[in-house]
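**Student:** Have a look at this one before I ask anything.
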Amino acid sequence: MAHSYDIGDQVVCTAVFTDADSGAVVDPTAVYFQIKNPSTQVITTYTYGVDPEITNPSTGTYQISVNITVHGIWYYRWYSTGTGMAAGENRFDAKSSEFD
């Protein structure tokens, strides 16, 4: 079930990458985050180490804060390449405001 937020909220999206064999947390070779704006359908891609929006607060854990500016279903995807290669997608709903 998707979480629901209000326009003006800041949503923290988190990914935890693990080794496929041992299950231990691992920092992948490269980490990417994509988010799709429900209003424009534009997909924005962020790269860890290039875009400061993505942080790495602990081994294997990556986060980004998304400012909710429009209502609709926001889809997002984390993926990595090289060591710790993995991918996962999720979504959240931004409710329309009675004040718009």
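The values are calculated or read from the model by the stated rules, or taken from the named source; none is laboratory data. Computed from a predicted structure; not experimentally measured. Cβ sites come from the backbone with ideal geometry, for glycine too, and all protein chains shown count toward neighbours.
**Student:** Can you tell me which residue in segment 18-46 is surrounded by the most Cβ atoms within 10 Å (Cβ to Cβ), limited to those that are within 11 Å of the chain's Cα centre (by Cα) and without any contact (Cβ under 8 Å) to a residue 40 or more places away in the chain?
**Tutor:** Result: Tyr46.
**Student:** Name the single residue that is farthest from the chain's Cα centre (by Cα) among those in segment 70-100 being charged (D, E, K, R) and surrounded by 13 or more Cβ atoms within 10 Å (Cβ to Cβ).
**Tutor:** Ranking the qualifying residues of segment 70-100, first place goes to Lys95.
**Student:** Please note which strands (runs of 3 or more DSSP E) are completely contained in segment 5-98 and include at least 1 residues that are touching a helix residue (DSSP H, G or I) at 6+ places or on another chain (Cβ under 8 Å).
**Tutor:** Counting at least 1 such residues, we get no strands (runs of 3 or more DSSP E) at all.
**Student:** Right, next: Right, Val66: in contact (Cβ under 8 Å) with a residue 40 or more places away in the chain, surrounded by 15 or more Cβ atoms within 10 Å (Cβ to Cβ), of a type in the set (A, V, I, L, M) and within 26 Å of Ala94 (Cα to Cα) or not?
**Tutor:** Criteria met by Val66.
**Student:** Regarding Phe33, is this residue closer than 20 Å to His3 by Cβ, at pLDDT 95 or above, touching a strand residue (DSSP E or B) at 6+ places or on another chain (Cβ under 7 Å) and not β-branched (Val, Ile, Thr)?
**Tutor:** yes
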